[in-house]
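As structure tokens, the structure follows; a few thoughts come after it.
Every read-out reported here was derived from the displayed coordinates using simple, explicitly stated rules and does not represent laboratory data. This structure is a prediction, so every number in the text was calculated from the model and none was measured. Methodologically, a virtual Cβ is constructed for each residue, glycine included, from the backbone with ideal geometry; neighbour enumeration extends over all protein chains shown.
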Amino acid sequence: MTAPLVAVVGASGRVGRAAVEMLAELGGVRLRLGGRNPELLAATAGELGAEVRHVDIDDPPALAEFCRGARVVLNCAGPSYLFKERVALAAVAVGADYVDVSGDDPAYAALAGLDLGTAAVLSAGMLPGAANLVVRWAAGLAFDRVFRLVAQVGGLERFTPIAAQDLVLSVFDVPDGAWYGESLAAWRGGRRASRALLPVSGVGVPYFPGTVSLQPYLSTGCERVGAVLDLTELDWYTVSGGTRLSTALSTQRGLPAAQRPALTAAAQEIRAAAELDLAGRDPYHLLVFHLAGERDGHATERTAVLRASDSYRLTSATAALAVRALIDETIGPGVHFIDTVLDPAWFVAGLERLGAIDFVHLVDGAPGVVEEGVL
């Protein structure tokens, strides 16, 4: 029996390359690698015995041909705010299941009204997909009910151009911004509360080395986990481990709309600041979730800590596991956000299997110190 074909759009990017390697490690699939520069994929394709094709998301006939014959199409290209549902529509039109490392609410809205016949899995990246699944994993292990969640996610690493643009979108008020979330907002009593939190700079935070800066941002993905867990309160912070990045973000946040640079220019400033912060230091990425609730009628607090040396590999592993779940037919037809359809315990075990994380740990009580390497 011929192994199912997985066609990967954006396979030459940082996330795409790692996702392709992880899919090969999970096994049982054939791979078609696509990008605007196929020559960049030749070495990887040769090692894995994969097919290589040129594909351009702005070329609908070429995109349709790339998707044809695939069991699953995995989209690792971005930025999602420009492409939205374009790749998804090409995939489902030829009867393929679909996975997107981004694919936020605009793509969901475009697909939800269609009679797909196949499955589309969106937000299959580090944020919000992996983060929400880790929250659900911790909540399921230690609580009967969770009332409050404080999330601190970030660290110190290089930014790709697309990741930098996503970060800029979290501090700019942009057209259609309500689709994605709101800076300084929090979740209170089952709904979004605007301007409920303030940025904090130069503070010590448990588990994060040195001093860091925290930027509150409530995405629609964060709101989703707030609703699923029926939280009373949710505070979500993006953490910057360097002073230059936090200063660049603060400066951009404070600019009047008429004086703000174009998104690509603002993203270049973010990338440059992150590079300066990283000089002479080791990159890291932490997902820290402080949960308060009850278990067996008693008040309970737990802290879930996940550390990765590379958030991009965490995104790649999340996408690869989504593809695996589709091939194993554990996800039914329709459009889904990944954190609503994967089993959290299976997902966390999969991250460990793929070597995408350094450790994941659940700590009783108040925040403390977790040694690296503890599982």
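GNM remark for the chain: springs join alpha carbons under 10 Å apart, and the peak mean-square fluctuation among ILE162, ILE357, ILE270 falls on ILE162. Listed values for region 207-215 are Karplus-derived 3J(HN,Hα) couplings in whole Hz (6.51 cos²θ - 1.76 cosθ + 1.60, θ = phi - 60°), namely 6, 8, x, x, 9, 9, 10, 10, 10, and x replaces Gly and Pro. Of the GluC sites (Glu not before Pro) found in region 281-348, those in coil by DSSP whose Cβ has at most 13 other Cβ atoms within 10 Å are GLU329. Take every pair of alpha-carbon atoms less than 8 Å apart whose residues are at least six positions apart; their mean separation over the length of the chain yields a relative contact order of 20 percent.
When both region 140-157 and region 74-111 are represented by their alpha-carbon centers, they are found 28 Å apart.
For the chain, the convex hull drawn through the C-alpha positions has a volume of 143 cubic angstrom per residue. Springs between Cα atoms under 10 Å define the GNM used for the chain, and in it the highest mean-square fluctuation of ALA227, ALA322, ALA185 occurs at ALA227. Mind checking which of ALA196, ALA274, ALA320 has the largest fluctuation in a GNM of the chain, springs on alpha carbons under 10 Å? Fluctuation is largest for ALA196. A convex hull fitted to the Cα coordinates of region 177-244 yields 95 cubic angstrom per residue.
Report, in debye and to the nearest 20, how large the dipole of the chain comes out about its Cα centre when Lys and Arg carry +1 and Asp and Glu carry -1 on their Cβ. All intermediate terms of the calculation are to be shown ahead of the outcome.
Values: 30 positive and 42 negative charges, 90 e Å.
Roughly 440 debye, rounded to the nearest 20.
The string of couplings for region 115-125 from the Karplus curve (6.51, -1.76, 1.60, θ = phi - 60°) is 8, 5, x, 10, 10, 10, 10, 10, 6, 8, x Hz, one whole number per residue in order, with x for Gly and Pro.
Within region 273-324, which chymotrypsin sites (Phe, Trp or Tyr not before Pro) sit in a loop by DSSP and count at most 10 neighbouring Cβ atoms inside 10 Å? Before the final figure, lay out the partial values.
Values: sites: TYR284, PHE289, TYR312; in loops: none.
Filter output for region 273-324: empty list.
A simple rule links phi to the HN-Hα coupling: the Karplus curve 6.51 cos²θ - 1.76 cosθ + 1.60 with θ = phi - 60°, which for region 342-359 gives 9, 6, x, 5, 4, 5, 4, 4, x, 4, 5, 4, 7, x, 7, 10, 7, 6 Hz, with x for Gly and Pro. Amide H contacts of VAL335: ALA120, each under 5 Å away and 5 or more positions distant or on a separate chain (H built 1.01 Å from N in the peptide plane; Pro and chain starts excluded).
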